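One structure below.
Please treat every number below as a calculation from the coordinates, not as lab data. Here the structure is a predicted model, which means the values were calculated and not measured. Here Cβ is always computed from backbone atoms with ideal geometry, including for glycine, and neighbour counts include all displayed protein chains.
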Amino acid sequence: MPLSPDEIQRLARLARLAVSPEEGEAVRAQLNRVLNLIDEMRAVDTAGVEPMSHAVATAPGAGQRLRADAVTETDRHAEYQAVAPAVERGLYLVPKVIE
Amino acid sequence: MLNSTLSELAGALARGSISSVELTRLCLERIARLNGVLNAFITVDAERSLREARAADERRAAGRAGPLTGIPLAHKDIYCTRGMLTTCGSRMLANFVSPYDAHVVERFAAAGTVLLGKTNMDEFAMGSSNETSYFGPAKNPWDTAHVPGGSSGGSAAAVAARLAPAATGTDTGGSIRQPAAFTGVCGLKPTYGVVSRYGMIAFASSLDQGGPMARCAEDLALLMNAMAGHDARDSTSLERATEDYSRELSAPLAGLRIGLPREYFGAGIAPEVLARVREAIAWFEAHGARLVELDLPNSRLAVPVYYVIAPAEASSNLSRFDGVRYGHRARGYADLADMYCRTRAEGFGAEVKRRILIGTYVLSHGYYDAYYLQAQKVRRLIARDFAEAFERCDLIMGPTAPSTAFALGANRDDPVQRYLNDIFTIPAPLAGLPALSIPCGFDAAGLPVGLQLTGKHFAEARLLGAAHRYQQATDWHRRVPAATPL
């Protein structure tokens, strides 16, 4: 089922992307073509097939590990915040959230 | 010297017939002369390169040199490098200087290599032509009106044009192998989990894998010896005994079983690509390999599955770019939500936005089972096809891409047509398998053709061995692109 202009705006909101109504039409046409391509796999019979969430699970010797519950990071906040758009007194600045 | 392989350069450095400073200067001069045309590098820092080269020469003089000490190389601009821009080909990170090095960057630094600079790429590795880069497309040195492929197009162009003896790349759906094929160089996508993803900016985490790009298989093996290995900072990094990727370079071809999937030799492939690939396979047969015809019946579903899984993971990974902690932030906004929306609309290009929206859709309420879960199930069917195929053969061969490098701008407004061009490179990462592209000839227009070799998990050394035997008997990998003569 092709996406409607309203659905494009809903997706854009969910993805936190501003999409203007003018851009919206081109985006909608291209997304619908991609969804059309994807539809080919929807019809495949996958009854009883275990989903494969990670390539690693199929490799011999693979498995997720847990590390020791120990502090491994040192305080480098000044270095990390040096690349932030707006920082004051060690805090990230954002527009007012609560009135 | 510029046309020497990395292995030959390593020998020259060891013998003292050239110093790392001299070699680095040669590369920097060539970059200065040709990068204006090729746009292969986004960032070059000659002073830093020469500083590292001097350190490498001192290390050699002190008797502490390793096999790669003093070798200049380039990193794809997806690998975080401390003290140098890491843009990922995006406006979002156009001013980003990472506070830390990627694992791969650390490994090469420890080996004593010299960083020449950071190479151009499709934005966030999303693209197969390098045209989605915010910094403009890299060009194909064989014909600068053609794309070098992507997403690791800058690395491929740099190696092909002899700006660097080797470069790193990353591969999610073919981003090492397709540009290698389009530019006549070699590229290996290792088994998932062999190379750490720490500090490699994430696109689709269950598929992304770093790997080397160079002029011959022997060089790829040397580079893998430095790149591969366990890293606790990547939870998917595998704990395995250290292996020597050069160990099978002289293994005999006699008895090698080469699988030829019928699906990789069907309709939609340029006749000249098919002809060159068949000639290469005939060479292997003439030298003792046995050909086994087989089927990968679900491989036709690989592209649709990929365009569910990769965008889904991308939409999640790229949510971190919010204009708060790093990267671009829009100037004017009404409130926090508006700041996010404008920042991301300005910072991301059209292809990245498209994939974020597709990913958001397939993960959204009511569609998750029909798209994402279904794609994961079909992904398993694709992986099973390979597992069954490898009971009958040792490696699989076919074309890396259905065509040679296409012209800049071709199908620019038709993403689906572009996506279908990755039909032969997408299956291996879905199954987590290693795959390699090597040059095997040219079409009538003089553009390179790539031969793809796919192996079972951890069969890298075997793939490299087969490729090396072929390269000892052929000189496709020695040819220098017409547009960038030595």
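Quick notes on this structure:
- The stretch between A:D6 and A:A86, if pulled fully straight at 0.36 nm per residue, gains 25.4 nm over its current Cα-Cα span.
- About the Cα centre, charge dipole magnitude for the range B:1-122 (Lys/Arg +1, Asp/Glu -1 at Cβ), debye: 100 debye
- Net +/- balance of residues flanking B:R107 in space, Cβ distance below 11 Å, scoring K and R +1, D and E -1: -3
- Residue among A:A29, A:A82, A:A47 with the largest mean-square fluctuation in a Gaussian network model of chain A, springs linking Cα atoms under 10 Å: A:A82
- Calculated FRET efficiency, B:D335 to A:E25, Cβ-Cβ distance, R0 = 30 Å: about 0.65 to the nearest 0.05.
- With a cut-off of 12 Å between beta carbons, the residues surrounding B:P415 carry a summed charge of +1, where Lys and Arg count +1 and Asp and Glu -1.
- Net +/- balance of residues flanking B:N3 in space, Cβ distance below 10 Å, scoring K and R +1, D and E -1: +3
- The modelled label-to-label distance between B:S319 and B:A270, using points 7 Å beyond Cα along the C-beta direction, is 4.1 nm.
- Using a Förster distance of 22 Å, the FRET efficiency for B:M1-B:R33 (Cβ separation, nearest 0.05): 0.90
- Fully extended contour minus Cα-Cα distance, from A:V49 to A:H77, at 0.36 nm per residue: 5.5 nm
- Cβ-Cβ FRET estimate between B:A407 and A:E40, R0 fixed at 22 Å, reported to 0.05: 0.20
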